[in-house]
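Heads up: the structure comes next, in structure tokens.
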Amino acid sequence: MLVPVTQSISALPFEVPSSSPAWFCTALVLLSSEPAFGEEWWSLLRLWVKFEAKAGFNNTKLPSRGRPSFLGLWFKNRRSNCYRPDLEHPVEEGMLTWWDVLPRDAVCSSGLNGVLTLLFGLFVWRERIREATAQRDVWVGVVGEKASMQFFNNTALMAFLCCHDVVLFIANMRSAGEKQHYVMVLLETLFQHLPLPYRVGLLYNIGCQTERSCIKWNFLDRYIDRISFGISVFHAFRHQ
């Protein structure tokens, strides 16, 4: 299905770098052609412009695993601004599934095959939502999460503190949520600074999950017999 796009890049409410390649200008014309998408979308576009300019518009590629089929059809149509998937394509379901499996570090991909693919998917998804419904709230949530992660490498901090509340080590978190590799790296770093006989008592709100992963997948196998995992009383109620 083809839809005409008449927006001009000169009418955009933000500055576009003079060094922008043709593919970028063409895509930006499409993505900015719906003013009614809301401030969340416009904020994301402004950040994307800055991100691509900083990356030099270099071409990297998003992982294709889980990618909705309609995006592949967009590629076959040479990423035409006029292409839209037919109504039988489950755009919302496909985008949510892809978003769930897409590595968060991967969404820092620039160029023609980078985050543009994700933005086009979000654009088509939003086009199908014409009313203020729960679907729109889901879309806004994904756009907001993408804006906070795509263009800022660090989304949070995870720290190890001793029993006196003194910070021992800090890790930059570069994905949403408490991924297990952060606590694993912090534990590995801690043990590298401890004498061999020392044991560690780890109080962590999901320490039960961490211990289970260590046992199941042999994580920290050199130190596991020297770690006593504990969880807070608040979290313990969840196991009753």
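Using alpha carbon coordinates only, what is the Rg to Rh ratio of the stretch 5-87, with Rh defined as the Kirkwood radius? Let's see the in-between values first.
Numbers: Rg = 13.7 Å, Rh = 14.3 Å.
Dividing the radius of gyration by the Kirkwood radius yields 0.96.
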- Task: Compare 222, 136, 126 in a GNM of the chain, Cα atoms joined below 10 Å, and give the one with the largest fluctuation.
- Result: 222
- Most mobile listed residue (121, 72, 111) in the chain, GNM with C-alpha springs under 10 Å: 72
- Enter the angle in degrees (range 0 to 90, nearest 10) between the Cα long axis of helix 180-192 and the first principal axis of the Cα atoms of the chain, meaning the one along which they spread out most. 40
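Considering only DSSP beta bridges with both partners in the chain, what is the antiparallel share in %, to the nearest 5?
Details: 7 of 11 bridges.
Here the share of antiparallel DSSP bridges comes out near 65 percent.
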- Query: Hey, any idea what the orientation-averaged projected area of the convex hull of the stretch 158-235's Cα atoms comes to, in nm²?
  - Reply: 5.6
- Task: Starting from the eigenvalues of the Cα gyration tensor, five times each then square-rooted, give me the equivalent ellipsoid semi-axes of the chain, largest first, whole Å.
- Result: 43, 20, 16
- Given backbone amide H placed at 1.01 Å from N, residues whose amide H is under 5 Å from that of residue 229, ignoring those fewer than 5 places away on the same chain, are 202
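No lab work stands behind these numbers, since they all come straight from the coordinates. Computed from a prediction, not measured in an experiment: that's the story for all the values here.
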